[in-house]
Amino acid sequence: VIGLKPGEQRTGTISFPEDFINEKLAGKSTEVRVHLHSIKEKRLPELNDELAKKAGNFESVDKMREAIVDSYTKSRTQLNKSVAQNKLIDQLLEGMEIPLPPSLVEKNIGYMVSERRERLERRGKSLESLGKSMEELQAEFRPEAEKMARTQVFLLSVASAEGLTVDPQEVDAVIRQAAAQSGQDYEQLREYHERTGLIHDIKDRILADKASELIYETAEVTEVPPVQKAGGGEASA
């Protein structure tokens, strides 16, 4: 495409990698013909109050900036809180001997394999492109899967000891959010979760989150000032 002018055509050859997700094209070359119809330049609109109103019905540019800063601050605060919670739970688990249900470990491994497959496919590759057998992948994920299972068992034990419960509305909210994000029908997605037993996983996840929140709230938290990078900026947490 580089060097072409509107109305011009060019033919060339492209080669696909050996691990390309489409096996029919993997490792092969094909001829591609390009016809450049036009060249368009994206120009950003002027940043003014009118744009702010169109962007989110903000009163002014200053109000829009405030909303953006507030959203960023909240997201960073939640991220730092999540990191602190994970570190706290890791410290609590040190030295604890917690029996791990084999089925939970295997379930976690299955989730991790599926997640790796989805990430690869979004990049146009397949799980097989890693050059590892399923047994090798499962062995690779097992330590992390066991750590996840240990944390899950611990948090659910805390939830049980503290009498934490899950309201049907909380489960409903999780499924509705998943339906909205995936574009699926809510009723069908809920029926699928109930039929496959995944609805129990949602309840356990909510209970674990509540237990983690309770542990964090009762812990002594020390706020650490941000580290300044060279040049005056703040290092990311």
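Checking each residue in segment 18-40 for being more than 29 Å from the chain's Cα centre (by Cα) and either in a loop (DSSP other than H, G, I, E, B) or among the aromatic types (Phe, Trp, Tyr) (or both) picks out LYS24, LEU25, GLY27, LYS28, LEU36, HIS37, SER38, ILE39, LYS40. Give me the residue from segment 1-12 that is surrounded by 10 or more Cβ atoms within 10 Å (Cβ to Cβ) and among the charged types (D, E, K, R) and, out of that set, farthest from ILE39 (Cα to Cα). Within segment 1-12, the match that is farthest from ILE39 (Cα to Cα) is ARG10. With respect to being open to solvent by 70 Å² or more (accessible area, probe 1.4 Å), under 26 Å from LYS203 (Cβ atoms) and polar (S, T, N, Q), ASN108 falls outside the description.
Going through SER38, SER15 one at a time, which residue ends up being surrounded by 10 or more Cβ atoms within 10 Å (Cβ to Cβ), more than 30 Å from ARG65 (Cβ to Cβ), of a type in the set (S, T, N, Q) and in contact (Cβ under 8 Å) with a residue 12 or more places away in the chain?
The match here is SER15.
Kindly indicate whether any position in segment 120-139 is modelled with pLDDT of 90 or more, within 24 Å of ASP209 (Cβ to Cβ) and surrounded by 15 or more Cβ atoms within 10 Å (Cβ to Cβ). For segment 120-139, residues modelled with pLDDT of 90 or more, within 24 Å of ASP209 (Cβ to Cβ) and surrounded by 15 or more Cβ atoms within 10 Å (Cβ to Cβ): absent. Checking each residue in segment 158-186 for being more than 30 Å from GLU118 (Cβ to Cβ) and assigned to a helix (DSSP H, G or I) picks out VAL158, SER160, ALA161. When segment 50-98 is filtered for residues that are open to solvent by 90 Å² or more (accessible area, probe 1.4 Å), within 30 Å of ALA159 (Cα to Cα) and outside any helix (DSSP H, G or I), the ones remaining, listed by number, are GLU94, GLU97.
State whether one or more residues within segment 207-218 are under 27 Å from ASP90 (Cα atoms), open to solvent by 60 Å² or more (accessible area, probe 1.4 Å) and of a type in the set (Ser, Thr, Tyr). Yes, segment 207-218 contains at least one residue that is under 27 Å from ASP90 (Cα atoms), open to solvent by 60 Å² or more (accessible area, probe 1.4 Å) and of a type in the set (Ser, Thr, Tyr). Checked against (1) open to solvent by 90 Å² or more (accessible area, probe 1.4 Å); (2) more than 30 Å from SER126 (Cβ to Cβ), LYS28 passes all but a single condition, namely (2).
Only a single item in (1) modelled with pLDDT under 90; (2) on the phi > 0 side of the Ramachandran plot is not met by GLY163, and it is number (1).
What about ARG43, is it at pLDDT below 90, charged (D, E, K, R), under 34 Å from the mean Cα position of the chain (by Cα) and exposed (fewer than 12 other Cβ atoms within 10 Å of the Cβ)? In short, yes.
The values are calculated or read from the model by the stated rules, or taken from the named source; none is laboratory data. Bear in mind the structure is a predicted one, so any value in this text is a computation, not a measurement. Using ideal geometry, Cβ is built from the backbone for each residue, glycine included, and neighbour counts are taken over all protein chains shown. Ligands, DNA and RNA are excluded from the accessible area calculation, which covers all protein heavy atoms including side chains. Shrake-Rupley method; radii C 1.70, N 1.55, O 1.52, S 1.80 Å.
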